[in-house]
Every structure is written in C-alpha cells, then in structure tokens.
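Notes follow the structure.
Coordinate-derived values only; no laboratory data. The model shown is predicted, which means the values in this text are computed figures rather than measured ones. Quick reminder, even Gly has a Cβ in these numbers, built from the backbone with ideal geometry, and neighbours come from all protein chains shown.
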C-alpha cells in the first residue's frame, strides 16, 4: 500500500462513508452455486454518491502483469481526498486462464470487473448480503436520493438515458443466454456421471477463490464448456474402441431399433 505523507483527511472521509453504508442488494444470480451476489454496478450506484459527498474520488486502474509462465490481470484501487491526500491499495490480480478457450476480451473484462468489485468491497468493508427488510430498503433509497448532490443527479440522468436503458436490456438478455449455455454443459456433465460439487471445487481452486460463488459466470461457462468438450471426446474414443474390439472378435455390433 502506498499513501501520501498525511492521510488524516482521507481516513476521516472513509470513516464517514463506512458509517453510512448498509447492505447492498444482490442483483445477480450464480446458477452453479445457487447463490446471489451484488454486481459492480450495484455497488457503485450505492457508493459513488457517498464518496463524492465526503470529498473522495475513486480510481480503479486495470493492470496486466506478464510473468514467465503466466499472465495476471486485475486492478489497482486508489482513494483520493480533495486535499490531495490519497491511499493507493495493493492490486488484486488473478491468473488468466488460457485453457478455457474463451474470447480473450470477454475473459479479461470479466476478471477486471471481478477484481474491481472485490477490491472496492474489501477496502470499504461493504456487505453485499440480501435485503430482507422492505422498509429498510425503501428508507435507504429515499435517504440516498436526498443526499445526492447536483453533479451526481446529472450523472445519473445521463447514465440512465433511453440509450442506456436499451443497453441494459441487451445485457440482461445476454446474461439469460449465458446462463442457458452454462446449464446445458452442466446437465451434460451430470448426466455422464460427473460430480458437480467436485467440478465446482476444481473451478474455485483454479480461480484462486474459496467458493465458486465468487467466480464470474463468463469464467464458469469457459470452464464447463472445456470440461464438457473433453468428456465428449473421451466418450467418442471409448465408443470407437468398443466398436473396433467387437469387429476384431468377429461379433457383429447390435444396432438397436433394426
């Protein structure tokens, strides 16, 4: 971690932000872990106006580090106070999974988003648990609206223009298709005798996290697609070996339905 010579003002502002934060609603579902999590958009919508109100600015710089046998991707988060004081936190990096055969741009973007989300949550001590109290949710939303300054109102109006609404609809449709693809490969693996808990644990281990619920859906799709394709290839090879062995032994293979 790197800081300015003095950090008293930035620390005071962080304390003010943390004292105002409540649980952030989880707005996305991870179909494999059967769990919900808060997206980066949901976290920023709650946090940015509070940072602005307390004279703080947030930057999250994407990073790519090339090592001898691996590429690591993530971000470095910094909080700046209007006084010029700052705290620059250690980057959160993850290995790029080349073997997943996913689109490189999608995979890189997914990792960076994941890094931003967890870095910000850890730095500010954000809880992303479910909101179960409807009254509390309504009260929090009203209070947030009252506390937003004019600059943030203008920013929100721009962000939620008609064009952005169309974009959000498209993102929701893409997410639905993504989950359908995930379920297709998941069902194939289960139907062919694979233990889904073991596969989930394998993916979490590869991503360097304790639970698959912390893995982005795009990454999950890449892993399960690769595993399914490998299994399909193995099954075809075994089927071919059985047919060859049958022919060697002089036994005509049974053709069901004839």
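Set the Förster distance to 41 Å, then compute FRET efficiency between residue 201 and residue 53 from the Cβ-Cβ distance, nearest 0.05. Don't skip to the end; give the middle numbers.
Values: r = 42 Å, r/R0 = 1.03.
Result of the calculation: an efficiency of 0.45.
Quote to one decimal, in nm, the extra length available between residue 176 and residue 231 on full extension: 0.36 nm per residue of separation minus the C-alpha distance between them.
17.3 nm
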